[in-house]
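Take a look at the structure below.
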Amino acid sequence: MFSMDLLLGAVVLGVLLGCFYAAVSVGLSVSFGLLDVPHVAHPAFLVLASYGVYQLNESYDIDPLLAGLAITPLFFLFGLLAYRVYYETFERRGSDAGVRGIAFFFGIAFIIEVLIILQFGVDQRSVSATYIGKSWRFGEFRIPIRQLVAFAVALALTVLLAVYLSKTFMGRAIRAVAQDEEALRLMGANPVRIKQFAFGIATAVLGIAGALLIIVAPVEPTLDRAYIGRTFCVVVMAGLGSISGTLIAAIILGVAESIVLTMFGASWAPAISFAMLLGVLAVRPQGLLGR
Amino acid sequence: MNKHRHSIAFWAGVAIFLVAVLSMTQIVRNEYPFFAGYVILQFIALAVAWSILGGYAGYVNFGTNAFFGVGVYTAVGLFKATGAPLVVQIAAAAVIGMLLGFAVGLLTLRMRGIFFSIATIALAIIIETFVMNWRFVGGAAGIQLQRPPVMAPFDSYVKMLFFVQALLAVTAVAIARYIQNSRIGRGLQALRDDELAAECTGVPTLKLKLVACMISGALISAAGAPAAMYLQYADPSSAFNLSYSVSALAMALIGGTAHWIGPVLGAILLGSTQQLLAVTISSEVNVLVLGIMLVLFVVGAPKGIIGLLRPRYRLRAGGKP
Amino acid sequence: MKRRTFLGGAMAVAVVGQGSRALAQQPPIKIGMSMPQTGGLAGGGKASLLGIEIWRDDINAKGGLLGRKVELVVYDDKSSASETPAIYAKLVDVDKVDLLFAPYATVPTAPIMPFVKQRGLLLMGNFSFQVNSKVGHDMWFNNAPWGPADSWAASFLDLAQKAGGKNMALLTADQEFAQNLALTARDVAKQRNIPVVFDQSYPPNTVEFASIIRALKAAKPDIVYVASYPPDSAGILRAVNEIGIGDDVKIFGGGMVGLQFAAVMSNLGSLLNGVVNYNTWLPEPSMYFDGTKEFFEKYTKRAIEAKVDPLGYYLAPFGYAMGQMIEAAVGATKSLDQKGIAKYLRENEHKTIVGPIAFSADGERKETATLQAQFRGVKDKDIEQFRSSGKQVILFPDKLKTGNLIVPFEAARK
């Protein structure tokens, strides 16, 4: 059943899907990629943000994207706090942060899951907005508008973050702290403050990403487990801490997934994506655009 | 000399434990303790096996569920194809788990620890997808199995599985203990503390990691193999459940990873708490308790239970991120 | 086998006890079960449990079973197969419950089937699908209306063929229930020489269905049979709405799990229109039996408090019906003897709030009562609309029918 038309459509939809993957992973690219925090609760934070967006949309009829924007300051503060706790318990005491950090964040993720269940119940939730459920026609070809929205927002988010990290003073400081903490300390800056701020940014971004998550598909309390693999896969494949790499890796995964879903046996899609990750790791361990 | 005495004490303890388990299967008539005990013993085996690579070498395996599921489905496939007995199922699962450990290790153990962790997540998803598409073992629809008749001296299959799982747990502990006290263990510990330095001083780091990964993989798969007969049912989403990965990691860390007794204590504590909660509170609060326990232990007892019990381990247990 | 003795003992006590002793001094009758209260099946599990609890309260208000209070012993199985063996061992060997109910759904039920067979225990099934076909336990009775394995696909394809459908596309979730449905659909299609022009399983946690719906559309089917799971059903319908499915399609749906739940229905709103999907109970005139109305009055009140599905059509009344069947069987046999209860259940037809129920030898319904209904005139964002009749018109089975299929799918969506 091969047809050029189908393949082309699959690529277009794959790019859109990939940009969405980039949006949900880009925070992790900062927190895990740059700051070396084994943040397995990242997807749990993401789902929490989706529920925040849902609550605002449901009770005040606020557009999900605006709602996402509205919760970013809260998530920024939440990120500052989370990093503080992590720093005080692990980094300051020195060794062994890796393994125990993972366990710590798993614990946090479980707690978040249960809190969501207690507050919202176990049923899946979704939001309503004018652009959900409609499509943009291009001759015979139709693209869901929610995907276009996700694409545009994700792209803007990633580019903004990349520019922020490379052009602003604070952004450069974050990059510097990732590369050589000691040197920064010698220059009189406080690396912990910078890292805390960076973690805040990484968490704030989740407000928007969470909005996209619930725009693209309904959410349920344990959805985070499905995104642990996906987000870490994107970030590692990208090369740790590379924002542009995150976008590229996410698009590659999105396109691969979409092509497999359309053209080949759909049930093989997850194996293909993750086999690509293993392939990249084997050939180029530092990732596509690794430092 | 001291070491020798320890050894005698250990093997005596093992013998007493196994005799106790065996006589329990002969005396106790109520079957519930065997069902619950099987699960706890399974977690002991998993946590100890995980900790050979994750604890001694500091390489975090996220893919415990991959190895566990491979064990389950090796048993299912073999049983369906040939009707092989339980012992053969377990042995085959161990061999396949070892090969898998070898392959994964070769591919990713050259990299920093965290890449290995991510690779094991990917591995779990890839293998689960394969099993879902493998119609012979039921695919995504799952498969129901009929247990063969039970063998003497046991009067019920669950009691036999309980004893078998006790053997597997003891095997895992004995191997972990051997490694800990051998050159392998010291090498692993050296590479955990500082891999580069270890390599410079002539420790064959890659070879050691590979060996640890293979042994750990073999033990996890072996511990998973009897699950097919325990449940008399297998489906990919249960066999490759992420909770095996999280539990193994959590139990090892809560117990402490510097000594083989740590994962054992962690598994007993967490495993029995979970079993208890399952039949008491029995709601989402169950998950909450696991989360809070994890956070509390990781924050409050960095070296786990053994760190609380015997402060001298605090000196020995170092690690790298 | 010999472990059955304690039940015999319990039975003896019951038989002696029900004669003359004072009611208050008798121990309660314990009914044990596990129920998914966390994990993927929790939404259904909690609603089902509420139905059973309402039955318990009703029967206790009437003076209990055999003059003894009924007590439920319920544990959470986390929607997982690995939890239930230990839970049921505890229920039987430690809690010494008198009767067993199965957990909601197939996966948690499958591992306990050999156990109850070996112990010779009665198990009341709760919406699992063909879980007894390989085990062959003669004391298993499923409360679900599924009936014979192939009747599900057969009824959908009957409707499709009458509407002029000639070839079929099959879109299924790569998960247990959906795969089993797909198996029977392929068989029935083969028997009837309906070519399957598209046959794909999508993996769990698929985020976006636009690409797979495009591929399906390209195959130009006129029957689209979908067997999907809750999170995906919404994604599939959204993608169908956005991408379009083509004017050829006569009938769309069949086995979409999730479209029975209030949260999903109210969220999808008008996207549901035209979809023909299976259901178990609907507020149509043909579906009201003795006690149905009263049940839903109680359910609606308690659902808010319990944070479960506010409509509760899919599972809750069947949980209640399960209790009613036990009530009838224990009442008629005047004992808790499991063999006797099983015999009674097998040989009689039972009046319940979901209609009369009769079992065939494998413990499934003799005849299927699985509804196929078409969504009509559904508006966005309104849960209450689903309480009135006419929103889901029953097309099958004939004796419960409340309307005719509108074809093609595109016309029915308006």
> Inside the stretch C:151-190, can you point out the residues that are within 16 Å of the chain's Cα centre (by Cα) and acidic (Asp, Glu)?
Replying inline: C:Glu176
> So how many residues does the stretch B:194-224 have that are touching a residue at least 60 places away in the same chain (Cβ under 8 Å), in contact with a helix residue (DSSP H, G or I) (Cβ under 7 Å, 6 or more places away or on another chain) and more than 14 Å from chain C (Cβ to nearest Cβ)?
Replying inline: 15
>> away from chain B (no Cβ under 14 Å), closer than 25 Å to A:Leu46 by Cβ and touching a helix residue (DSSP H, G or I) at 6+ places or on another chain (Cβ under 7 Å): which single residue out of A:Ala202, A:Ala176 fits that description?
In response: A:Ala202
> Which of the residues spanning the stretch B:288-307 are more than 7 Å from chain A (Cβ to nearest Cβ), closer than 19 Å to A:Glu88 by Cβ and among the hydrophobic types (A, V, I, L, M, F, W, C)?
Replying inline: B:Leu296, B:Phe297, B:Ala301
> Which one of B:Val48, B:Val21, B:Val39 is β-branched (Val, Ile, Thr), farther than 16 Å from B:Met251 by Cβ and not in a loop (DSSP other than H, G, I, E, B)?
Replying inline: B:Val21
> Looking at B:Ala252, B:Ala258, which one is in contact (Cβ under 8 Å) with a residue 40 or more places away in the chain, more than 27 Å from B:Tyr157 (Cα to Cα), under 12 Å from the mean Cα position of the chain (by Cα) and within 11 Å of another protein chain (Cβ to nearest Cβ)?
Replying inline: B:Ala252
> Before we move on, is B:Ala278 within 14 Å of chain A (Cβ to nearest Cβ) and among the small types (Gly, Ala, Ser)?
Replying inline: no
> Quick one: in the stretch B:99-112, which of the residues that are surrounded by 20 or more Cβ atoms within 10 Å (Cβ to Cβ) and closer than 20 Å to B:Leu46 by Cα is farthest from the other protein chains (Cβ to nearest Cβ)?
Replying inline: B:Gly101
> Out of all the residues in the stretch C:258-285, which are away from chain A (no Cβ under 11 Å) and in contact with a Lys or Arg (Cβ under 7 Å, 6 or more places away or on another chain)?
Replying inline: C:Asn273, C:Gly274, C:Pro283
> With (1) away from chain B (no Cβ under 11 Å); (2) aliphatic (A, V, I, L, M); (3) closer than 29 Å to C:Asp232 by Cα as the list, and A:Met276 as the residue in question, which single condition is left unmet?
Replying inline: (1)
> For the stretch A:240-255, how many residues meet the condition of being within 11 Å of another protein chain (Cβ to nearest Cβ) and surrounded by fewer than 24 Cβ atoms within 10 Å (Cβ to Cβ)?
Replying inline: 2
> Looking at (1) more than 14 Å from chain A (Cβ to nearest Cβ); (2) surrounded by 19 or more Cβ atoms within 10 Å (Cβ to Cβ); (3) farther than 28 Å from A:Leu118 by Cβ, which is the only condition B:Ile268 fails?
Replying inline: (2)
> Within the stretch B:57-78, is even one residue polar (S, T, N, Q) and more than 12 Å from the chain's Cα centre (by Cα)?
Replying inline: yes
> Considering only residues of the stretch A:83-97 that are surrounded by 22 or more Cβ atoms within 10 Å (Cβ to Cβ) and within 12 Å of another protein chain (Cβ to nearest Cβ), which is nearest to A:Gly210 (Cα to Cα)?
Replying inline: A:Tyr86
>> Cβ-Cβ distance below 7 Å, separation of 6 or more or different chains: which pairs start in the stretch B:127-145 with a residue that is facing chain C (nearest Cβ under 8 Å) and end on one that is part of a loop (DSSP other than H, G, I, E, B) and among the basic types (Lys, Arg)?
In response: B:Gln144/C:Lys134
>> Out of the helices (runs of 4 or more DSSP H) lying entirely within the stretch A:177-291, which hold 3 or more residues that are closer than 23 Å to A:Ser126 by Cβ and not polar (S, T, N, Q)?
In response: A:191-216, A:224-238, A:243-263
>> I'd like the residue in the stretch A:106-122 that is in contact with a Phe, Trp or Tyr (Cβ under 8 Å, 6 or more places away or on another chain) and surrounded by fewer than 24 Cβ atoms within 10 Å (Cβ to Cβ) and, out of all such residues, is farthest from B:Leu288 (Cα to Cα).
In response: A:Phe120
> Going through the stretch B:41-63 one residue at a time, which ones are modelled with pLDDT under 95 and farther than 21 Å from B:Leu191 by Cβ?
Replying inline: none
> Going by the structure shown, is B:Ala119 aliphatic (A, V, I, L, M), assigned to a helix (DSSP H, G or I) and within 20 Å of the chain's Cα centre (by Cα)?
Replying inline: yes
> Can you name the number of the only condition in (1) crowded, with 18+ Cβ neighbours inside 10 Å; (2) without any contact (Cβ under 8 Å) to a residue 24 or more places away in the chain; (3) not basic (Lys, Arg) that A:Leu165 fails?
Replying inline: (2)
> For the stretch A:131-145, which residues satisfy the criterion of being more than 8 Å from chain C (Cβ to nearest Cβ) and under 25 Å from the mean Cα position of the chain (by Cα)?
Replying inline: A:Tyr131
> Which residues, counting only those in the stretch B:184-217, are more than 29 Å from B:Val72 (Cβ to Cβ) and of a type in the set (Ser, Thr, Tyr)?
Replying inline: B:Thr201, B:Thr205
> How about the stretch B:170-192: which of its residues are among the hydroxyl-bearing types (Ser, Thr, Tyr) and either in a helix (DSSP H, G or I) or in contact with a helix residue (DSSP H, G or I) (Cβ under 8 Å, 6 or more places away or on another chain) (or both)?
Replying inline: B:Thr171, B:Tyr178
> Within the stretch C:236-247, how many residues turn out to be surrounded by fewer than 24 Cβ atoms within 10 Å (Cβ to Cβ), at the interface with chain A (Cβ under 9 Å from one of its Cβ atoms) and among the charged types (D, E, K, R)?
Replying inline: 1
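The values are calculated or read from the model by the stated rules, or taken from the named source; none is laboratory data. Since this is a predicted model, take the numbers as computed values, not measurements. Glycine gets a Cβ as well: all are built from the backbone with ideal geometry, and neighbour counts include every protein chain shown.
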